[in-house]
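The values are calculated or read from the model by the stated rules, or taken from the named source; none is laboratory data. Worth saying up front: this structure is predicted, and the values here are computed from it rather than measured. Please note: Cβ atoms are built from the backbone with ideal geometry, for glycine as well, and neighbour counts cover all protein chains shown. Remember, those area values only see protein heavy atoms, side chains included, never the ligands or the DNA or RNA. Shrake-Rupley method; radii C 1.70, N 1.55, O 1.52, S 1.80 Å.
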Amino acid sequence: MSAGTASGTGTLGRLGTSGGGPGDGGPAGGGPGDGETPDGDAPGRRHWLRWTALGVSVVVLGAAAAGWWFYRKLDGNITTDTTAAAELLKYEKERPAPVVSAARNILMIGSDTRAGAGNAKYGKDKGTQRSDTTILLHISAGRSSATAVSIPRDLMVDIPACRETDGKRSREQFAQFNSAFEIGGTACTIRTVERLTKIRVDHHMVIDFGGFKKMVDAVDGVEVCLREPIDDDDAHLKLAAGRQTLRGEQALGFVRARKTLGNGSDTDRMDRQQQFLGALVNKVQSNGVLLNPTRLYPVLDAATKSITTDPGLDSLRDLYNLARSMRSIPTEKVQFLTVPRRPYTYDPNRDELVQPKASQLFTRLREDKPVTVARDGATDGQDDAGAPSVAPTPTFTGHNAAERACPPVGG
């Protein structure tokens, strides 16, 4: 018992218990300095250092555990589309081969499905969905530029025979582009794009109405400037003219509105969508989001919850590596344009490609060559008089993410 008592007393003394008295911190009779150890360190100080070290360890372990929990949560948010991957594998021989392996082509599909929470208000769910917005995003091999090309939903294209939701196969047909998504989903849309452009689609992402709203809300809204007020019942949108910060529902209405904005065409709507996406890219790249964990996490949470993607891009690490590789791209090199198009010869309510400009654009993307955009229209390698231009790079109608939708206040 005496040995145990002595051991306990010594342990308490080494931890620096208060109370004083002979024997606390050393043998009875003191030692070098009353209440000090032979090396001159007060037991209270060592007690504080030990508990500080313990506290730091707990914080580090807690942060690591929290970081792992956040990672697992974000990683688990992502929905993987294995069906499209399996279907595309069946047609591997007919798919175009990548010309520049380090470049990446990602097909971004905005689904107009009415299924899912919050989507019923946009119309009845008929059990089908179409691609309300489709963008082919080309990221250069050197990660020096990113070019987003909108494909009109009403563009007349050759759609291959595709596997339908009931397992049957559709017939090959010449129809408007967004029918491909309704007929055979993502795989059919990818095969249609590849047949149209001869560009290999490396990855795809599908986002619905709800996901888009969450993304905009996560960055606390996106600013736009309106020349005139908007009152569009179909898009559930009513806004005053001037500078406006649009959040979830308003932002969705702004990019979906068609009848009451501009000339009412889908081309005009695509231009508005591109400008909005450019402003969104600017907002996400700003230090207020990327360097602020409390703002970055909601963005990541909304983004990962919003997308359905292929197995090659379905983890947080895959998405992070993609985003990190694009982080150094200047906003003026993040470009948006619509594939050269005009009203279809046999139906002005549909579109057809303008040749040879469309093929010229597809070739440059396929070969990872620079693409130049300007608001004043495509030069197609010619000057105003129609003579060949000295510029080696053709210019297409479009804009970049550095262009501001609103001029600076007071500017």
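Tabulated values for the structure
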quantity: Check on ASP314, acidic (Asp, Glu), closer than 22 Å to VAL206 by Cβ and out of contact with any strand residue (DSSP E or B) (no Cβ under 6 Å at 6 or more places or on another chain); calculated: no
quantity: The range 153-168, residues that are under 16 Å from LEU88 (Cα atoms) and surrounded by 12 or more Cβ atoms within 10 Å (Cβ to Cβ); calculated: ILE159, PRO160, ALA161, CYS162, ARG163, GLU164, THR165
quantity: Residue count for the range 169-180, restricted to those that are open to solvent by 10 Å² or more (accessible area, probe 1.4 Å) and within 25 Å of THR338 (Cα to Cα); calculated: 5
quantity: Subset tally (residues that are touching a residue at least 40 places away in the same chain (Cβ under 8 Å) and touching a Lys or Arg at 6+ places or on another chain (Cβ under 8 Å)) for the range 341-359; calculated: 4
quantity: Residue pairs meeting the criteria (Cβ under 7 Å; at least 6 apart or on separate chains; first among the β-branched types (Val, Ile, Thr), in the range 230-241; second surrounded by 14 or more Cβ atoms within 10 Å (Cβ to Cβ) and modelled with pLDDT of 80 or more); calculated: ILE230/LEU237; ILE230/LEU239
quantity: Filtered residue count, the range 331-362, keeping only those that are under 21 Å from ALA175 (Cα atoms), of a type in the set (D, E, K, R) and surrounded by fewer than 16 Cβ atoms within 10 Å (Cβ to Cβ); calculated: 2
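Residue by residue, here is whether (1) modelled with pLDDT of 80 or more; (2) closer than 29 Å to ALA84 by Cα; (3) open to solvent by 40 Å² or more (accessible area, probe 1.4 Å) holds:
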residue: LEU261; (1), (2), (3): no, no, no
residue: ARG272; (1), (2), (3): yes, no, no
residue: LEU280; (1), (2), (3): yes, yes, no
residue: LEU290; (1), (2), (3): no, no, yes
residue: PRO293; (1), (2), (3): no, no, yes
residue: ASP301; (1), (2), (3): yes, yes, no
residue: LYS305; (1), (2), (3): yes, yes, yes
residue: THR309; (1), (2), (3): yes, yes, no
